[in-house]
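In what follows, a single structure is set out as structure tokens and then discussed.
The values are calculated or read from the model by the stated rules, or taken from the named source; none is laboratory data. Given the structure is predicted, the values throughout are model-derived calculations rather than measurements. Please note: Cβ atoms are built from the backbone with ideal geometry, for glycine as well, and neighbour counts cover all protein chains shown. We work out accessible area using only protein heavy atoms, side chains counted, and drop any ligands, DNA or RNA first. Shrake-Rupley method; radii C 1.70, N 1.55, O 1.52, S 1.80 Å.
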Amino acid sequence: VSTVVVLLLVSGLALLGYARWTDSVKAADLALASGNLEAAIAGYQAAEARFDALPAVKQIVPAEYHRAVANHLWALYRLKRYDEVIDLAQKAPPESAPSFWSACAFFQKASVEEKPEARLGWLSRAEEEFRKAVEAAPDDWDTKYNFELTARLSAALRKQPNTPPKQLMQLLRPPTPGSKTPRRTG
């Protein structure tokens, strides 16, 4: 009987510790759900700092850590903080889809870059990261689509490197015979 009581006490203390440990993740999740992305990012950063301080906990509750990092990447991306997405993705665990998020960030940077060489560089990095994302999640059709779109756009941009950023997606639409060439403005 005393062994059962001790086991129950230890289990209860472990559950209490787990609840306290994940408070910042829960707070960040609530902020994310309510649309307060800045508060969510702060909460996820606090949670990641706790996990980094005690790496063993990452192994004990890996799903919590991976979810916190994935949500952190998503929130940064939504706020268009692409450089931060790329930086966080470099040290993020594979389970948080870092290649997908960094590829999306590189693609967005390419879509607004004015210099043709830099634009092609960002797009090539996006293609490379989407390739890694497809390798990590081969059944994810959204990732496959993004990879194929980026690869096609990258190949087309290599042929026409001086295409302005606003006209990038037109590179994917070949002109139909007999149609007028669209007027270029800007």
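Computed values, structure above
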| item | result |
| --- | --- |
| Subset of the stretch 107-161 that is over 20 Å from Tyr77 (Cβ atoms) and basic (Lys, Arg) - its residue that is modelled with the lowest pLDDT | Lys159 |
| Residue pairs meeting the criteria (Cβ under 8 Å; at least 6 apart or on separate chains; first more than 16 Å from Ala39 (Cα to Cα), in the stretch 75-100; second hydroxyl-bearing (Ser, Thr, Tyr)) | Val85/Tyr77; Val85/Ser102; Ile86/Ser102; Ala89/Ser99; Ala89/Ser102; Gln90/Ser102; Pro93/Tyr65; Phe100/Thr143 |
| Subset of the stretch 23-63 [in contact (Cβ under 8 Å) with a residue 40 or more places away in the chain and touching a Lys or Arg at 6+ places or on another chain (Cβ under 9 Å)] | Val25, Asp29, Leu37 |
| Qualifying residue in the stretch 78-100 (condition: hydrophobic (A, V, I, L, M, F, W, C), assigned to a helix (DSSP H, G or I) and either open to solvent by 20 Å² or more (accessible area, probe 1.4 Å) or out of contact with any helix residue (DSSP H, G or I) (no Cβ under 8 Å at 6 or more places or on another chain) (or both)) | yes |
| Criterion: modelled with pLDDT under 95 and either open to solvent by 80 Å² or more (accessible area, probe 1.4 Å) or touching a Cys at 6+ places or on another chain (Cβ under 8 Å) (or both) - qualifying residue of Tyr65, Tyr18 | Tyr18 |
